[in-house]
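Got a structure for you, written out below as C-alpha cells; questions coming shortly.
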Amino acid sequence: MKLEYVGSMPRVSSKGVSFDDTKPDKYILLSPAIDLLEALSYGPTEATKHLYNTKGKEYSSSELMEALKKHIGNLNEVIASRDEKAHNLVQELMDRVETNETLSEDEKKAWLANIELMRNYYLQFVTNDSAYGCALQALSQQIHDALVKEVSFPMFRNYGLVLHDLINVLENRKSPIDATLSVENIDGSLFGKLTIKHR
C-alpha cells in the first residue's frame with residue numbers, strides 16, 4: 001500500500017472526467033491526524049494535563065505509513081480490503097452505465113473507457129480514505145483508553161477538520177463517547193477545543 005495525494009473524487013461521464021471538490025482526497029488530513037495520534041499516545045495515566053507541541057509539518061508518504069503501522073494494529077486488513085472497496089466502486093459505476101437505457105452504445109463505450117482510465121486513481125483515493133478512517137479509529141481508541149476529556153489545538157493545518165470527523169467516530173463506538181468542538185480566542189489567537197464526555 002502506498003499513500004500519495006491524488007485530488008478530489010473524480011466524476012466520470014461519456015464526455016470526460018471532472019472532479020468533485022466537495023469530496024476531497026483524505027490524504028490532506030493524514031498529517032494532522034498523525035500529529036494528533038502522536039499527541040494522544042500517552043495511554044492510561046493519572047495525569048490530567050498533557051502538553052504536546054504539534055510538529056506542524058507535512059509527513060512524507062513513507063513517514064505516514066510508518067506512523068500508521070505504529071498506531072494501527074490491523075493495517076494489513078485495511079490493505080487487503082481497499083482493493084475490494086475500489087473494485088466495488090468501479091464496478092458499481094460501470095453497472096450504472098451499462099444499465100442506463102438513455103445512453104447510445106457510443107456514449108456507453110466512451111463512459112466505460114473513462115471509468116477504466118480512472119481505475120488506479122479510484123484505488124489511490126480509496127486507499128487514502130481507508131488510511132484516514134483507520135487513523136480516526138486509532139484516535140478514538142486512544143481517547144477511550146486514556147479517558148481524554150479535552151483536546152486544545154491550533155486553528156491551522158486542518159486539526160479542526162480531523163477532530164470534527166472524529167466526533168462522528170466517537171459517537172458511533174460500541175460504547176459511545178460524546179464530544180463537542182468550540183473555538184476560543186486566547187490573547188488574540190484562535191484555538192479550537194474538543195470537549196469529551198465519557199459515559
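Carbon-plus-sulfur fraction of the accessible area of the chain, 1.4 Å probe, in percent?
Values: 5880 of 11520 Å².
Of all accessible area on the chain, carbon and sulfur atoms account for 51 percent.
Taking only the C-alpha atoms, wrap a convex hull around the range 10-146 and report its volume per residue in Å³ as a whole number.
On the way: hull volume 17.5 nm³, N = 137.
Taking the convex hull of the Cα positions in the range 10-146, it is 128 Å³ per residue.
Still on this structure: So what's the back-of-envelope 222 nm ellipticity for the chain, counting only DSSP H runs of four-plus at -39500 (n - 2.57) apiece and dividing by all residues, rounded to 500? Mind showing how you got there, number by number?
Working: 6 runs with 102 residues, N = 199.
It comes out at -17000 deg cm²/dmol, rounded to the nearest 500.
Could you report the range 10-146's accessible area per residue, 1.4 Å probe, as an integer in Å²? Show your work: numbers first, answer last.
Values: 7760 Å² over 137 residues.
That works out to 57 Å² per residue.
Oh, and also: Can you pull a Stokes-Einstein diffusion coefficient for the range 67-116 at 10 °C (1.306 mPa s), Rh from Kirkwood over Cα pairs, as a whole number of µm²/s? Mind dumping the intermediate values first?
Working: Rh = 13.0 Å.
Stokes-Einstein gives a translational diffusion coefficient of 122 µm²/s.
Whole Å is fine, so just give me how far the alpha carbon centre of the range 166-196 lies from that of the range 80-133.
35 Å
Continuing with this model, one more query. As a quick test, which of the pairs Lys23/Lys70; Lys2/Lys26; Lys23/Lys197; Lys15/Lys109; Lys69/Lys197; Lys70/Lys193 have an alpha carbon distance above 20 angstrom in this structure?
Working: Lys23/Lys70 28 Å; Lys2/Lys26 14 Å; Lys23/Lys197 30 Å; Lys15/Lys109 11 Å; Lys69/Lys197 29 Å; Lys70/Lys193 26 Å.
The pairs that break the limit, which is 20 Å between Cα atoms, are Lys23/Lys70; Lys23/Lys197; Lys69/Lys197; Lys70/Lys193.
The values are calculated or read from the model by the stated rules, or taken from the named source; none is laboratory data. Everything quoted here is computed from the prediction, not taken from an experiment. Side chains included, ligands, DNA and RNA excluded: accessible areas come from the protein's heavy atoms. Shrake-Rupley method; radii C 1.70, N 1.55, O 1.52, S 1.80 Å.
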